[in-house]
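Quick notes on the structure that follows.
Just so it is clear, none of the values below were taken in a lab; they were calculated from the coordinates. Everything quoted here is computed from the prediction, not taken from an experiment. Every residue, glycine among them, receives a Cβ derived from its backbone with ideal geometry; neighbour counts consider all protein chains shown.
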Amino acid sequence: MSAALIVLILIAVLAIVVVSMTVKIVPQARSGIVERFGKYRTTLSAGLNIVVPFIDKVRYVIDLREQVVSFPPQPVITEDNLVVSIDTVIYFQVTDPVAATYEIANYIQAIEQLTMTTLRNITGGMTLEHALTSRDQINSGLRGELDSATGKWGIRVNRVELKGIDPPPSIIDAMEQQMRAERNKRAAILTAEGERQSAILTAEGDKQSAILTAEGQRQAQILTAQADRQAQILRAQGEAQAIQTVFQAIHDGNPDQKLLSYQYLQMLPKIAEGDNATTWIIPAELTKALGTLGGTVGKIPVDGGGSKTRIDFDAPIEDDGAADTSATNEAVQEALDAAKAAENPATSAADVPSQEEPPPPPPGAPQG
């Protein structure tokens, strides 16, 4: 190989090296930190960049995208002296590549330690129950503390999330027992409340039933009394008319002494028909007594002028209680309405008459 060829090869290699050291390509959403003789010179943006070869050097390439870092669980002591394990997730973004490079040696480790200490400070002022129910409060407190502390590092903390808060197993068992006891308490309260409502409704139903039963008995007694009254009136009227009829028939027939003696003899066997009439004594003076009785009867005027009141045998019997028929029908209708209302007491509680103010009795009913 000739010397000229070797020289050309060396020049080509040197040219390639110089071009590679001069032209720098920075990917999208990244920044390059350029140092000249170990000192910061400039920041390269995304795209094609030119630097001085052998003098300038791209020391770091910083990722400007939002990054997610998950930290392992950390033991934290709560206000009630219980140790819980809390693991967190941090969402952050580099806003100043120069500060992130020269203000902090390892910003990932710094964020982790800062998160652990801040989490212990916040959770140490809370009880376990408060910490379990206040994740949003812990997240916002962590984010505020981390964002203010990492601002000088050129880092912005966008979001902090707690992945889990794990109490000790004994505390978990105690919490489960407490929850079961609370549920049993609520179930017992609901059961007692249901029984109370059931007893109230049952007593109310018994009360309404007793009221309706008493009202029905009252109406029935009123109707029975009215029926007995009408029956007694009708019987008395019938007996009166029967007596008047017999009295008129006797006077119209003009009976003599023989007829009266014959009627007397017919009544004697009926006197002896009693259960206690085991012995019947006929006096010897029976004929004389009959004669005397006949003589006495004979002295009665045969024609005494007839009956004072003439009875029309063909006239119908008057019913003085017809005026009370409408009142009786109204009372029956009220009793039927009360029975229907008892079948469905939920329709209207106002339809049932109260015990303090009973409804007025129907017309014609006995007072008191």
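General observations
- The ranking of 56, 87 from fewest to most other beta carbons within 10 Å of each one's beta carbon is 87, 56.
- The mean sequence distance of close C-alpha pairs (under 8 Å, at least 6 residues apart), as a share of the length of the range 67-167, puts its relative contact order at 41 percent.
- Packing order of peptides 106-115, 13-22, highest average first: 106-115, 13-22 (average count of other Cβ atoms within 10 Å over each peptide's residues).
- Cβ-based exposure ranking for 120, 65, in which fewest neighbours within 10 Å come first: 65, 120
- Paramagnetic label reach from residue 333 (point 7 Å along Cα→Cβ; backbone nitrogen cut-off under 18 Å): within the range 209-235, residues 219-220, 223.
- Between residue 45 and residue 193, the contour length at 0.36 nm per residue exceeds the alpha carbon distance by 45.9 nm.
- Across the range 3-63, Cα pairs under 8 Å and at least six residues apart give a relative contact order of 35 percent.
- Put simply, the amide H of residue 159, placed in the peptide plane, has neighbours under 5 Å in 91, leaving out anything fewer than 5 places away on its chain.
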